[in-house]
1. Those residues that are modelled with pLDDT under 80 and either part of a helix (DSSP H, G or I) or within 13 Å of residue 422 (Cα to Cα) (or both), I need them from the stretch 445-470; list them, please.
2. For residue 106, all conditions in the list (1) among the small types (Gly, Ala, Ser); (2) open to solvent by less than 30 Å² (accessible area, probe 1.4 Å); (3) at pLDDT below 90 hold save one; what is the number of the exception?
3. Among the residues of the stretch 407-447, write down those that are of a type in the set (Ser, Thr, Tyr) and under 22 Å from residue 353 (Cα atoms).
4. Out of everything in the stretch 251-261 that is open to solvent by 10 Å² or more (accessible area, probe 1.4 Å) and small (Gly, Ala, Ser), what residue ends up being farthest from residue 234 (Cα to Cα)?
5. With 17, 25 as the choices, which residue is out of contact with any helix residue (DSSP H, G or I) (no Cβ under 6 Å at 6 or more places or on another chain), over 19 Å from residue 99 (Cα atoms) and open to solvent by less than 10 Å² (accessible area, probe 1.4 Å)?
6. Hey, does the stretch 345-358 have a residue that's at pLDDT 95 or above and β-branched (Val, Ile, Thr)?
7. Just checking, does the stretch 428-445 include any residue being under 29 Å from residue 333 (Cβ atoms), among the acidic types (Asp, Glu) and out of contact with any Phe, Trp or Tyr (no Cβ under 8 Å at 6 or more places or on another chain)?
8. Could you tell me whether the stretch 206-228 includes any residue that is at pLDDT below 95 and surrounded by 15 or more Cβ atoms within 10 Å (Cβ to Cβ)?
Amino acid sequence: MITAALLLTGCSVHVDAGTAGAARAERELSQLDGVVSVRGSGTNNLPFAGTVSVFVTAKDGLPDGRLQRLTDQVGRWVVEHSGPGTTYRGHLEVDGFGFSLGRTASENERILTVLQPLRRGDRWLGGDLRSDGPDGTDPAQIDLAVRAPADLLAGWEAVQRAGAASGWKDVTVSANAWNSPPTDTDRLRDADLSISDGTAGEDHAVGDPAAEVAAYEQVTARHTVTGASVSPGRIHLHLADLADVADATAVIARTAPDADAVLDGGVVTKDATGSDGSPPEGDDYAAADRLAAVVADRPDVTAVSLKPDWVVVTAAGPGSVVPVAEALAAAASASSVTSIDVGSDEETAGGDVGAGLLVKGTPSSLAASAQVGARLQGYLPASASLFPTNRTVTATVGSVEEVPALVQGVEGLLPDGTSVTIGLRGRYADDAAHLTVHGGTLTVDSRSGGRTGSATADALGEAAHDAWNG
């Protein structure tokens, strides 16, 4: 009866309140002077109840007074239209700078006071601002997007001034730059170079990274730096030339001796997160660095990615995988690295074999994996992963008639417990045969739950079994 009454009386309450509210915001706010576009995103939480996020883009270059009036108009509309049925949240962007609207005019005036000097800089792409809220308890943040890496230090100085002048409590600031200026709306993510005073919750300190910034400045004066993350107590740099890493390390040691320095260069990159999820220290990479040095200058290597206990190498095609793996195996016998992966392309090295060849193992087992990988060259996509507690081999054939040659090629190289998967090129994974080496014989694995395999899987399995066991 209540629903019928609302509908009959023409009340504006809508059963899909979030969706209706988003459409209303787009329709009404787009009429305001100075607005370029409005995008509403609504969620229908319950019948006649929802939440709406409103994203308003203003014209670039609006005078301060006009921007203030527009901000007040949008903020007032958001507050006045929020009620028991629909809750609105407003976000405004101008000159590439975005900020969420507060619930009062004074909150928005405070954030505009911080914004105005920044948006007049022609060396900035934009940024994001977040005030500390009316009671000063919410964290405040200013992130500045710099147009060119050469202006990163100037951007850092500008955002520091903005944070100091804001009056916000515990404000954190950062300057970010990209080697190629981004064009998408998520430009503040995944910056190539950044300087930050830290973020609450990180493992490293929050404060003024003056020494670290000075070290970064000295390194960039001597070498080409294409990647940087500079924060209190930590410097992670990528140099264009791997040969410059030693000198850059010495510069940092003199200028910021207390900072943890992680440096890489050329085709070598170091993951900022270790296998345990924490940021490794520079010395943690010592063993991985030694292995990277073995292959980094080879023409058949296109990339080397390091964690303290994990080396991933991208080779220049399937034919380069085995020689690279053999070189690493010869140098890795005493290494503390627990996994070495060599793939024929970026996706394969990352674990998605695709159409390539992947060879994996520990320092002591990589040579055995490479030996098997050499026999799999004609059966791609393929992989050989022989770890002490987990041994797997995969291969792909063009027809069942190719299986005997494949099996006879690897027979005698696979230790007990090795799982073998043989697929047929162009067919589904369910059509693959799964076998295991037991006591020197190759047996077809039984399917779980009593499921029966496809005729193709049965034919591949039978051909492999017969070829191995005679």
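The values are calculated or read from the model by the stated rules, or taken from the named source; none is laboratory data. Since we're looking at a predicted model, the values are computed, not measured. Cβ coordinates were reconstructed from backbone atoms using ideal geometry, including for glycine residues, and neighbour counts include every protein chain displayed. For accessibility, only protein heavy atoms count, side chains too; no ligands or nucleic acids. Shrake-Rupley method; radii C 1.70, N 1.55, O 1.52, S 1.80 Å.
1. Passing the criteria: 448, 449, 450.
2. (2)
3. Across the stretch 407-447, the qualifying residues are 418, 419, 421, 428, 436.
4. My answer is 253.
5. Sole residue among the options that is out of contact with any helix residue (DSSP H, G or I) (no Cβ under 6 Å at 6 or more places or on another chain), over 19 Å from residue 99 (Cα atoms) and open to solvent by less than 10 Å² (accessible area, probe 1.4 Å): 17.
6. yes
7. no
8. Yes; the residues of the stretch 206-228 include at least one that is at pLDDT below 95 and surrounded by 15 or more Cβ atoms within 10 Å (Cβ to Cβ).
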